[in-house]
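Here is the structure we will look at.
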Amino acid sequence: MTPKRFFTFFAIAETVTWTLLLIGMFLKYVTHTTEVGVRIGGGIHGFIFICFVIAVIGVGTSQQWSKRRIATGLGSAIIPYATIPFERSVKKTGSLEGDWGLGRNGRTPQTWFEKLTSWCIRFPWAAIGIGIIFVVLLFSGLLIAGPPWEWGK
């Protein structure tokens, strides 16, 4: 899988899950019919949000994006539907073109984070397995913690 396909998948998934969450919020807060949509849509959106953050950092590191571009990518996940314009902008600049910069035939990783990113690219199934465990643990912890405004009560 190329960086372009990988990143595009998560940018679109983030947008789709925003839609699920917004529909759930409409049903809960406007029609007052059900809060199931927020629970389901919010849960799915939270999971994909974490995956998108990992995608931005991983692709950005491999393709040598600037810290500003990575920060902009991370910020795009916070604003509904902003991941699509961000994804189009990085495509337009060619920042998603080619193979993985830290892949098998790419540059030699220099920092510990580049080494980790390179390992994930070279051993994707192991990285996916560990990544799924990490995301599930993180997501579960956030679900257990509840909404931030209830922390410490």
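The values are calculated or read from the model by the stated rules, or taken from the named source; none is laboratory data. What you are looking at is a predicted structure, and each value in this text was computed from that prediction instead of being measured. When we count neighbours, we look across all protein chains shown, and the Cβ atoms used for this are built from the backbone with ideal geometry, even at glycine. Just so you know, the surface numbers come from the protein's heavy atoms only, side chains and all, with ligands and any DNA or RNA stripped out. Shrake-Rupley method; radii C 1.70, N 1.55, O 1.52, S 1.80 Å.
Being part of a helix (DSSP H, G or I) and of a type in the set (S, T, N, Q): is that true of Thr117 here? Spelling it out, Thr117 is indeed part of a helix (DSSP H, G or I) and of a type in the set (S, T, N, Q). For residues in the stretch 21-45 being modelled with pLDDT under 90 and under 20 Å from Ala11 (Cα atoms), which is most open to solvent (accessible area, probe 1.4 Å)? Result: Ile40. Pairing residues of the stretch 107-135 that are among the basic types (Lys, Arg) with residues that are part of a loop (DSSP other than H, G, I, E, B) and surrounded by 14 or more Cβ atoms within 10 Å (Cβ to Cβ), at Cβ distances under 9 Å and at least 6 apart in sequence or on separate chains, gives Arg107/Gly101; Lys115/Leu102; Lys115/Pro109; Arg122/Trp100; Arg122/Leu102; Arg122/Gly103. Checked against (1) open to solvent by 20 Å² or more (accessible area, probe 1.4 Å); (2) out of contact with any Cys (no Cβ under 6 Å at 6 or more places or on another chain), Glu14 passes all but a single condition, namely (1).
Counting only residues that are open to solvent by less than 100 Å² (accessible area, probe 1.4 Å), assigned to a helix (DSSP H, G or I) and either small (Gly, Ala, Ser) or more than 20 Å from Leu116 (Cα to Cα) (or both), the stretch 128-149 holds 8 of them. The conditions of being modelled with pLDDT of 90 or more, touching a helix residue (DSSP H, G or I) at 6+ places or on another chain (Cβ under 8 Å) and either of a type in the set (Gly, Ala, Ser) or within 18 Å of Val56 (Cβ to Cβ) (or both) are not met by Gly75. How many residues, within the stretch 57-68, are part of a helix (DSSP H, G or I), of a type outside the set (Gly, Ala, Ser) and either open to solvent by less than 70 Å² (accessible area, probe 1.4 Å) or in contact (Cβ under 8 Å) with a residue 60 or more places away in the chain (or both)? Residues that pass the stated criteria total 3. For Phe49, the stated conditions hold: it is modelled with pLDDT under 95 and assigned to a helix (DSSP H, G or I). Any idea which residue in the stretch 84-113 is surrounded by the fewest Cβ atoms within 10 Å (Cβ to Cβ), counting only those that are closer than 20 Å to Glu14 by Cα and touching a Gly at 6+ places or on another chain (Cβ under 8 Å)? The selected residue is Phe86.
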